Amino acid sequence: MLNIIKEYYKCNIARFAEYRADFFIGITAITLSNVAAMVLFWVIFQAIPNINGWNFWEVVFMLGIMDLSIGIWHVFLSGVTPWKLERLFQNGELDRIILYPINPLLHLFIKNLDDDGIGDFLSGILILAVSSMNINVVWSISKISILLIMVLSGAAIFTSIALIMTAIGFWTIRTQWMSDLLWAMTDIVQFPLNIYNPAIRFVFTFMIPFGFLSFYPAQMFIGSGEYLTYSYMTPIVAIMLMLISYRFWKFGLKNYTSVGH
Amino acid sequence: MYKEVMEQAFKTSLAYRSSFFSWIVVSSLKLISMWFVWTAIFNASNSAVLNGFTFESMMTYIAVSVIINSIIGSMLEFRIENDVKQGQIAIGMTKPFSYPVYCFFTEIGGKILSFLVITIPMILISIFFIKISMPQNILLFLISIILGFLINLSMVFLTGLWAFFSGGSIWGIRMSRIFIGEITSGSMIPLYFYPEAIKNVIQILPFSYVFHVPLSIYIGRFSFIESLNGISWQIIWLSVFAFILFIAWNRCKKKIFVYGG
């Protein structure tokens, strides 16, 4: 199994080397998208000192954690998304994937590495480095390990939600609109969750727990400790979501094969 | 003849009904989240007026920006990219009108439909839920918005033509354009929030003539003279883009003939 993954990763890297211009433009575009968010925050904070108790660098710190999580998803786990499923249906690739003696989900993941995610990853590290200098977060070994756990959990949470939305596509066939929804939701959690009303907070904590991408994990490093209980829950939420989303994906796939494909 | 092209585009667009619905959902989500974000920002400020905006005028600004977005939103560059890759563009040359003209009228045809099913519902949502105020000068606003639409369409078309020169994907270029636009157009945050020096630099770029100028006319930030000045600059930008388009398209045509397409 490890051998297959290794071979696929080699092919992926060869593919990136082939389209070198795309590689640089893609990374630039993704980095720009993250810098754009930071610039917009900066402009807002020209007018006010803080937003519901969070200053500019704290908000940017939350953004950095989310960028790292999304970076991991983007590079390694973005092979299964609503916008890619539609294409898998159309060109019949999914039917082929099912026939291989390897788990279809794993197959799609390792087959489709995306180098653009390196842009997310780099800008995430940059944003975290700059912001932590400005809010006196000192990176010790233990803090880096906590960050690692939080970022991996965030990546798992994002992947799981994306997977569930993709699997809905087994019934709706058209999936483009769910991708718009997915990105709109990540835009919402770029802001500290406590500026929203309880209903929205509830949705992004318990239903579509994107709060665990930025706001809650960041509380391990900043803030008064008010939301620390939630921060500790982050890895548990990740594990639970992975189990649920995988079951749902399998259920969707079974539905797809049983209609006679 | 152009009427047929538009009609055809209108009917093709009808096939993407689910994307209309998603546009409205995503735009409404954006309005809701912006409502909370700006509530928090105005709460954080000591005065009820921020850079000349009250909370109400800010929400009007955001809602009209979302409406403008629904008017200018375009997938044309992907269609051009597709036409280039599939060689459809050479077939397009046998048609009795030039390819750019053809693209223009298909775009208008699709826009008529999206105006009915996206823009009008968004206007109604904005009037009933956000309670937006009416434009200060509706005639100048309409002129300005049409010019903004055309400026944006030229940029979209140029992005599509990039497929000719790169041979690869236009995704990165498109994303870069969109994110630079996000920061410099005034679509997310009014340019009045930027420091004066940065604002002056930003206005050298074409993006502010798509959002900033029509929006400033709408909310009455521009005097009559300033509005005319803004519109003149829009006309200048449109002429510049028309010229660039003309040159770029002629080079593309040459390229097609050289390869014997």
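What follows is calculated from the coordinates using simple rules that are stated; it is not laboratory data. Since this is a predicted model, take the numbers as computed values, not measurements. As a convention, Cβ positions derive from the backbone with ideal geometry for all residues, glycine included, and neighbour counts pool all protein chains shown.
Bin all alpha-carbon pair distances of segment A:199-251 at 5 Å intervals from 0 and give each bin's fraction as a whole percent.
4, 20, 26, 23, 14, 7, 3, 2, 0
Using mean Cβ contacts within 10 Å as the protection proxy, how do A:168-176, B:24-32 order, highest first?
Numbers: A:168-176: 16.3, B:24-32: 17.9.
With the highest mean Cβ count within 10 Å placed first, the list reads B:24-32, A:168-176.
Calculate, for residue A:136 and residue A:172, the FRET efficiency according to 1/(1 + (r/R0)^6) with r their C-beta to C-beta distance and R0 35 Å; round to the nearest 0.05.
On the way: r = 48 Å, r/R0 = 1.37.
Given R0 = 35 Å and the Cβ-Cβ separation, E is 0.15.
Based on the Kirkwood radius over alpha-carbon pairs, what value in µm²/s does the Stokes-Einstein equation return for the translational diffusion coefficient of chain B at 10 °C and 1.306 mPa s?
Working: Rh = 19.8 Å.
D, rounded to a whole number, is 80 µm²/s.
Is segment A:114-160 rounded, prolate or oblate when judged by the Cα gyration tensor, a ≥ b ≥ c being the square roots of its eigenvalues, rounded requiring a/c under 1.5 and prolate requiring a/b larger than b/c? Walk me through the numbers on the way to the answer.
Working: a/c = 2.60, a/b = 1.36, b/c = 1.91.
Oblate, because a/c is 1.5 or more while a/b does not exceed b/c.
Which GluC sites (Glu not before Pro) does segment B:1-83 hold that lie in a coil by DSSP with at most 14 other beta carbons within 10 Å? Walk me through the intermediate numbers first.
Details: sites: B:4, B:7, B:56, B:77, B:81; in loops: none.
The qualifying sites: there are none.
According to the square roots a ≥ b ≥ c of the eigenvalues of the Cα gyration tensor, what is the shape class of the protein assembly as shown, taking rounded for a/c under 1.5, prolate for a/b larger than b/c otherwise, and oblate for the remainder? Each step should come with its number before you reach the end.
Numbers: a/c = 1.65, a/b = 1.08, b/c = 1.53.
Taking the square roots of the gyration eigenvalues as a ≥ b ≥ c, the protein assembly as shown is oblate.
How many Cβ atoms of partner chains, on average, are near each residue of A:23-34 if near means within 10 Å of its Cβ? Present the calculation step by step, with values, prior to reporting the outcome.
Numbers: counts 2, 1, 11, 7, 1, 5, 10, 4, 2, 9, 5, 1.
Partner-chain Cβ atoms within 10 Å, mean over residues of A:23-34: 5.
Taking a virtual spin label 7 Å from the Cα of residue A:7 along the C-beta vector, which residues in segment A:59-101 bring their backbone nitrogen under 19 Å of it?
A:96-101
How large is the translational diffusion coefficient of segment A:153-227 in µm² per second when you combine the Kirkwood radius over alpha carbon pairs with Stokes-Einstein at 4 °C and 1.567 mPa s? Walk me through the numbers before you get to the answer.
Working: Rh = 13.3 Å.
The estimated diffusion coefficient comes to 98 µm²/s.
Ordered by packing density, taken as the mean number of other Cβ atoms within 10 Å over each peptide's residues, highest first, how do A:99-108, A:135-144, B:195-204 rank? Working shown, then result.
Numbers: A:99-108: 14.1, A:135-144: 10.9, B:195-204: 12.4.
Highest mean packing first, the order is A:99-108, B:195-204, A:135-144.
Distance between the C-alpha centers of segment B:48-69 and segment A:135-182? Whole Å please.
Cα centres, segment B:48-69 to segment A:135-182: 32 Å.
Give me Rg/Rg_expected for segment A:38-88, where Rg uses Cα atoms only and Rg_expected = 2.2 N^0.38 Å with N residues. Walk me through the numbers on the way to the answer.
Details: Rg = 16.1 Å, N = 51, 2.2 N^0.38 = 9.8 Å.
Working it through for segment A:38-88, the quotient is 1.64.
Determine the calculated [θ] at 222 nm for the protein assembly as shown from helices alone, applying -39500 (n - 2.57) to every DSSP H run no shorter than 4 residues and normalising by the residue count; nearest 500 deg cm²/dmol. Intermediate values should be presented prior to the final figure.
Numbers: 24 runs with 379 residues, N = 522.
It lands at -24000 deg cm²/dmol.
How do B:132-145, A:49-62 rank on mean C-beta neighbours within 10 Å, highest first? All intermediate terms of the calculation are to be shown ahead of the outcome.
Values: B:132-145: 17.1, A:49-62: 20.0.
Ranked from most to least packed, the peptides come out as A:49-62, B:132-145.
Report the dimensions of segment A:60-200 along its three principal axes from the alpha-carbon atoms, largest first, rounded to Å.
53, 36, 21
Under 19 Å from a point 7 Å along the Cα-to-Cβ line of residue A:55: which residues of segment A:198-234 have their amide N that close?
A:218-226, by backbone N distance to the label point.
Per residue of A:14-22, how many C-beta atoms from partner chains lie within 10 Å of its own C-beta, taken as a mean? Write out the running numbers ahead of the final one.
Working: counts 0, 0, 0, 0, 1, 4, 1, 5, 8.
Counting other chains' Cβ atoms within 10 Å and averaging over A:14-22 gives 2.
Averaged across the residues of B:27-37, what count of C-beta atoms belonging to other chains lies within 10 Å of each residue's C-beta? Before the final figure, lay out the partial values.
Values: counts 2, 1, 7, 3, 0, 4, 10, 3, 2, 7, 8.
That works out to 4 on average.
If only Cα atoms are counted, what is the Rg of segment B:1-101, and what is its Dmax, in Å?
Final numbers for Rg and Dmax: 20.8, 65 Å.
Residue by residue through segment A:207-219, what is 3J(HN,Hα) from phi via Karplus (6.51 cos²θ - 1.76 cosθ + 1.60, θ = phi - 60°)? Round to whole Hz and write x for glycine and proline.
My calculation for segment A:207-219 gives 9, 10, x, 5, x, 7, 8, 9, 5, 5, x, 5, 5 Hz in order.
For residue B:196 and residue B:127, what does the FRET efficiency come to when R0 = 30 Å and r is the distance between their Cβ atoms, rounded to the nearest 0.05?
Numbers: r = 34 Å, r/R0 = 1.12.
Here the calculated transfer efficiency is 0.35.
Taking the Cβ-Cβ separation of residue B:1 and residue B:90 as r and a Förster radius of 35 Å, what is the calculated FRET efficiency to the nearest 0.05?
Working: r = 20 Å, r/R0 = 0.58.
Once the sixth-power term is evaluated, E becomes 0.95.
Consider a paramagnetic label point 7 Å from the Cα of residue A:251 along Cα→Cβ; state which residues of segment A:199-239 have an amide N under 18 Å from it.
Once the point is set 7 Å along Cα→Cβ of residue A:251, A:207-209, A:239 turn out to lie under 18 Å by backbone N, inside segment A:199-239.
If you take the C-alpha gyration tensor of chain A, multiply each eigenvalue by 5 and take the square root, what semi-axes do you get, largest first, in whole Å? Can you show the working numbers first?
Working: eigenvalues 216, 89, 58 Å².
Working through the eigenvalues yields semi-axes of 33, 21, 17 Å.
Using a Gaussian network for chain A with springs between C-alpha atoms less than 10 Å apart, which of these wobbles most: A:42, A:73, A:177?
A:177
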